[in-house]
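A.B. asks: Quick one: the structure is below, and I'll ask about it shortly.
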Amino acid sequence: MNKASLRIKNSFISYRKSMKKYFARKGKALVNISKQCLLFVKNPIKFIKNAIQTHKDLINDVYVPLIHKSENVLEVNKLKMYFPIKSGFFKRTVGYVKAVDGITFNIEKGKTMGLVGESGCGKTTVGRTILRLYERTGGEVLFDGEDINRLSKKRLRAKRPELQIVFQDPYSSLSPRLPVGEIIGEAVREHKIVSKEQFDGYITKIMNDCGLQEYHKDRYPHEFSGGQRQRICIARALALNPKFIICDEPVSALDVSIQAQIINLLKDLQKKFGLTYLFISHDLSVVEHISDTVGVMYLGNLVEYADTKKIFENPKHPYTEALFSAIPVPDPNYKMKRIILEGSIPSPANPPGGCKFHTRCRKCMEICKTCVPNTIEVEENHYVVCHLFDAEAMERNEELVKSGIINSEVTEKPSIVIDEEKAIQKAKEAKVRGHAMRGKGPRI
């Protein structure tokens with residue numbers, strides 16, 4: 001009985017402490033809200049101006065407007081997409097998730113740009129922001145010389161058929177209640193691409209171009225395989241006569257043989273109709289096969305951008321080197337040396353200062369922790385965002401070293417680069433140890 005009463009007493013004490021902390025926290029929040037309300041009542045115009053200025057300072061939407069070049073179908077300049085973090089009773093914005101943080105690139109007509117990076121780095125958000133499925137926070141997107149974000153609703157609706165997207169998951173992006181013919185033809189009818197008399201024949205032609213048969217019109221999405229569903233998604237995008245298509249990981253959910261069919265289909269359609277692609281993918285070998293240029297993203301930023309051949313033969317940025325070291329080589333005698341990045345990706349809501357990659361970089365210098373690197377053109381059409389290729393930054397680093405402020409040495413972490421054979425041997429040993437602990441083999 002004494003033990004039970006003591007346990008109840010302790011639980012009440014801990015509950016009382018937690019409630020005190022809770023009300024203290026809420027009390028501070030109420031005091032802050034009261035102060036804000038008083039400031040607003042005292043001078044509402046000044047309060048609103050200060051709030052707008054604080055918002056502008058957080059976003060820092062400063063860029064030099066682009067001059068359109070006729071050879072480019074898409075030009076992206078300092079594009080930003082921040083998602084607000086809201087808190088408190090009045091749901092005030094207290095911060096931002098910086099999903100896309102000032103990226104710049106161009107895509108020429110009839111070309112394909114590959115966009116690669118780790119999960120969560122902002123690749124899909126870039127595609128959706130370009131299409132204005134998300135309203136951008138800052139920067140500009142020029143399509144055929146027109147700023148997409150400045151178009152009126154009427155003008156944007158007229159422009160929609162020229163910009164299309166193929167989503168990652170073909171099953172969830174198709175309506176289960178509509179037959180395939182209606183899925184492909186719905187937007188064609190809405191935008192009046194062809195007349196009523198030509199409608200049926202036009203849909204049949206588009207389906208044939210994408211490897212689908214006419215009798216597939218009356219079937220529903222659940223009656224098709226994964227590869228056929230992806231062909232339906234491509235046909236739906238192609239039916240509107242687009243100039244530019246964003247392919248958001250269109251082959252990631254398919255097996256290798258079907259992947260090859262879809263990639264070859266996209267290349268054939270590009271040659272036939274002169275399409276331009278932004279190809280978002282995790283599969284670097286697929287990106288190398290289909291892309292003319294490649295951009296590498298990390299935590300909302302574009303860290304390297306170049307022609308496909310240049311970037312795969314000679315990657316410059318430490319993150320690109322680590323990413324490309326993971327590409328498997330179809331040679332059993334080849335000894336791979338993987339570059340394993342330590343730690344996890346920092347939060348885009350609270351990114352590190354200076355270079356965002358410095359927390360995981362094996363070539364990190366002290367200047368990387370404080371100064372944001374500039375975009376450097378190391379060779380023709382090969383851009384890198386890194387202090388290692390910036391002569392001015394290196395000189396500044398040396399000056400700081402001489403003054404005794406920081407250490408300029410590039411310290412490589414030897415434990416990061418591992419031998420493939422040693423890794424396999426360690427995995428085998430770990431597997432044997434696991435069997436021994438479960439009683440399935442001899443204990444080592």
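The values are calculated or read from the model by the stated rules, or taken from the named source; none is laboratory data. Just so it is clear, the structure is predicted and the values come from calculations on it, not from any experiment. With ideal geometry, Cβ positions are generated from the backbone for all residues, glycine too; neighbour counts draw on all protein chains shown. Only protein heavy atoms, including side chains, enter the accessible area calculation; ligands, DNA and RNA are left aside. Shrake-Rupley method; radii C 1.70, N 1.55, O 1.52, S 1.80 Å.
A.B. asks: Taking 41 Å as R0, compute the FRET efficiency from the Cβ-Cβ separation of V64 and R189 and round it to 0.05.
C.D. replies: The pair V64/R189 has a calculated efficiency of 0.45.
A.B. asks: Under the rule of at least 5 residues apart or a separate chain, name every residue whose amide H is placed under 5 Å from the amide H of I165.
C.D. replies: I246
A.B. asks: Given a Förster radius of 60 Å and the C-beta distance between E398 and Q198 as r, what FRET efficiency does 1/(1 + (r/R0)^6) yield to the nearest 0.05?
C.D. replies: About 0.30, to the nearest 0.05.
A.B. asks: Further, regarding this structure: Going toward the positive end of the dipole of region 1-124, with +1 on Lys and Arg Cβ and -1 on Asp and Glu Cβ, which of C37, F105, Y82 do you reach last?
C.D. replies: Of C37, F105, Y82, it is C37.
A.B. asks: Using a 1.4 angstrom probe, figure out how much accessible area region 13-67 has per residue, in square angstrom, rounded to the nearest whole.
C.D. replies: 92 Å²
A.B. asks: Here's a follow-up. Give me the net charge for the shell around H382: Cβ to Cβ below 9 angstrom, other residues only, Lys and Arg +1, Asp and Glu -1.
C.D. replies: -3
A.B. asks: Please give the charge dipole size of the chain, origin at the Cα centre, charges +1 on K and R Cβ atoms and -1 on D and E Cβ atoms. Round to the nearest 20 debye.
C.D. replies: So the magnitude is around 3660 debye.
A.B. asks: Also: Tell me, what % of the accessible area of region 174-228 is carbon and sulfur with a 1.4 angstrom probe?
C.D. replies: Here it works out to 47 percent.
A.B. asks: Right, something else. For the chain, calculate the relative contact order in percent as a whole number, restricting contacts to Cα pairs under 8 Å that are 6 or more residues apart.
C.D. replies: Worked out over the chain, it gives 14 percent.
A.B. asks: Starting from the Cα-Cα distance between S225 and K109, subtract it from 0.36 nm times their residue separation and give me the gain in nm to one decimal. Spell out each step's value before the answer.
C.D. replies: Numbers: separation 116, 0.36 × 116 = 41.76 nm, distance 3.25 nm.
My answer for the length gained is 38.5 nm.
A.B. asks: Then there's this: Which distance in nm do the two modelled labels at E313 and V31 give, with both placed 7 Å along the Cα-to-Cβ direction?
C.D. replies: Here the answer is 6.6 nm between the modelled labels.
A.B. asks: In addition: Quick check on packing: order 189-196, 241-248, 268-275, 306-313 by the mean number of other C-beta atoms within 10 Å, highest mean leading. It would help to have the intermediate numbers written out before the result.
C.D. replies: Details: 189-196: 12.2, 241-248: 21.5, 268-275: 14.5, 306-313: 17.9.
Ranking the peptides 189-196, 241-248, 268-275, 306-313 by packing returns 241-248, 306-313, 268-275, 189-196.
A.B. asks: Something else now. Under a 1.4 angstrom probe, counting protein chains only, how are I107, I33 ranked by accessible area, largest first?
C.D. replies: Result, largest first: I33, I107.
A.B. asks: Could you please state how large a percent of the accessible area of region 241-351 is carbon and sulfur, counting protein chains only and using a 1.4 Å probe?
C.D. replies: Carbon-and-sulfur percentage of accessible area, whole number: 51.
A.B. asks: Which FRET efficiency, nearest 0.05, do E118 and L39 yield, Cβ-Cβ r, R0 45 Å?
C.D. replies: Efficiency for this residue pair is about 0.60.
A.B. asks: Provide the solvent-accessible area of M365, counting protein heavy atoms only and rolling a 1.4 Å probe, rounded to the nearest 10 Å².
C.D. replies: Probe radius 1.4 Å; accessible area of M365 about 0 Å².
A.B. asks: With every protein chain present, what is the per residue accessible area of region 177-290 (1.4 Å probe, Å²)?
C.D. replies: Roughly 47 Å² per residue, with all protein chains present.
A.B. asks: Among the GluC sites (Glu not before Pro) in region 93-138, which ones are in a DSSP loop with at most 10 other Cβ atoms within 10 Å of the Cβ? Mind listing them? Walk me through the intermediate numbers first.
C.D. replies: On the way: sites: E108, E118, E135; in loops: E118, E135.
For GluC sites (Glu not before Pro) across region 93-138 that sit outside H, G, I, E and B with at most 10 neighbouring Cβ atoms in 10 Å, the list reads E135.
A.B. asks: Find the cysteines in the chain that fail to meet the 4.7 Å Cβ criterion with every other cysteine, and list them.
C.D. replies: Cysteines of the chain left without a disulfide-compatible partner: C37, C121, C210, C233, C247, C371, C386.
A.B. asks: Let me cross-check D144: its accessible surface, 1.4 Å probe, with only protein heavy atoms counted, in Å² to the nearest 10?
C.D. replies: 50 Å²
A.B. asks: Arrange the residues E321, E380, E366 by how much accessible surface each exposes, largest first, with a 1.4 angstrom probe.
C.D. replies: Ranked from most to least accessible, the order is E380, E366, E321.
A.B. asks: OK, next. In region 1-154, what percent of the accessible surface is made up of carbon and sulfur (1.4 Å probe, ligands and nucleic acids excluded)?
C.D. replies: That fraction is 60 percent.
A.B. asks: Would you kindly find the accessible area of Y63, with a 1.4 Å probe and non-protein molecules such as ligands, DNA and RNA excluded, rounding to the nearest 10 Å²?
C.D. replies: Spelled out: Y63, probe radius 1.4 Å, area about 60 Å².
A.B. asks: Counting Lys and Arg as +1 and Asp and Glu as -1, what is the net charge of the other residues whose Cβ lies under 15 Å from the Cβ of A349?
C.D. replies: Surrounding charge for A349 is +3.
A.B. asks: In whole angstrom, note down how far apart the Cα centers of region 17-80 and region 105-161 are.
C.D. replies: When both Cα centres are located, 24 Å separates them.
A.B. asks: For the chain, what does the helix formula give at 222 nm: sum of -39500 (n - 2.57) over DSSP H segments with n ≥ 4, over the residue count, nearest 500 deg cm²/dmol?
C.D. replies: Calculated mean residue ellipticity at 222 nm is -13000 deg cm²/dmol.
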